[in-house]
1. Rounded to the nearest 0.05, what FRET efficiency do R57 and Y83 give with R0 = 22 Å and r taken as the Cβ-Cβ distance? Could you check?
2. Can you list the residues, at least 5 places off or on another chain, whose amide H is less than 5 Å from the amide H of A61, using H built in the peptide plane?
3. If each of I23 and Q126 carries a label point 7 Å out from its Cα toward its Cβ, how far apart are those two points in nm?
4. Given the pairs K29/K236; K161/K245; K29/K87, which are separated by over 26 angstrom at their Cα positions?
5. Counting only the heavy atoms of the protein chains, how much of H140 is accessible to a 1.4 Å probe, in Å² to the nearest 10?
6. I'd like the accessible area for I160: 1.4 Å probe, protein heavy atoms, all chains in place, Å² to the nearest 10.
7. Where in the chain lies the longest segment free of trypsin sites (Lys or Arg not before Pro) that are both loop residues by DSSP (not H, G, I, E, B) and have at most 14 other Cβ atoms within 10 Å?
8. Rounded to two decimals, what ratio of Rg to Rh does the chain give with C-alpha atoms and a Kirkwood Rh?
Amino acid sequence: KVIKSRYDKFRQINRFLEFIEDILPKLDKNRENVIIDFGCGKSYLTFILYHYLVHVRNMDAEIMGLDLKADVIQKCNALAEKYGYEKLHFAVGDIEGFSCSVPPDMVITLHACDTATDAALFHAVQWQCRLIYSVPCCQHELNAQIASENFSLLTRYGLIKERFSALATDAIRGALLEACGYHVQMVEFVDFAHSPKNLLIRAVRRAVPMQKRLLALDEAERLMKEFSFRPTLYQKLKEADLLPKKT
């Protein structure tokens, strides 16, 4: 029985599994699939995802959750041991400085605050992950940078400025992922009434024509130039030489 106060979380988890179901064919059933959940928190989703993949779909999967809160991670590891989830592990760590010996097949980042989402997306691109699932949260970075002569109306009112900056943040993230060779979808994670943080970025790595990748990069750079944006994800990708080269 689902506790009434946790019903919104229950809806979110089940909605997420629907999006996972769509792309299961992208994972290799003949080998172990490695998944990292950045900013896993209490790991409701992480536990359900492990149960679903391993015990419902009979797939070989290893999942690791990463979070900064040591007490939460300790409880999650204890629960994983209690349930006999041998390939579900949790660790204390910062997304920004994280490294792994085996590149994961899937990266999940749900409600990682502000530029922590960008750090997670950067890692995923760098590792050439097949699948990326991200529900961004607290997009403050561009709100502090935004300036435009041509569209100053969008910066005049605080609420409009905040909402536009958040949408622009995720639009640029989507375009940059496309520029790096991903097919990107922006979908409603759950109904807005259940959570205002309801935009899900789903990215699937595939062979994207270079012309389309360059177009996506150009669109992102034009938006950045118009509003004086300097997004963290763009800077990281550029410094790591992961963006396509213009000829």
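1. 0.80
2. N33
3. Using points 7 Å along Cα→Cβ, the separation is 2.0 nm.
4. Violating the 26 Å Cα-Cα cut-off are K29/K236; K161/K245.
5. The value for H140 is about 100 Å².
6. Approximately 80 Å² for this residue.
7. Details: sites that count: K1, K29, R31, R57, K69, R206, K245, K246.
After excluding every exposed loop site, the longest remaining stretch is 70-205.
8. With Rh from the inverse mean 1/r over Cα pairs, Rg/Rh is 0.98.
The values are calculated or read from the model by the stated rules, or taken from the named source; none is laboratory data. These figures come from a predicted structure and were not determined experimentally. For neighbour counting, all protein chains shown are included, and Cβ atoms are generated from backbone atoms with ideal geometry for every residue, glycine included. SASA here: full protein model, heavy atoms, side chains in, ligands and nucleic acids out. Shrake-Rupley method; radii C 1.70, N 1.55, O 1.52, S 1.80 Å.
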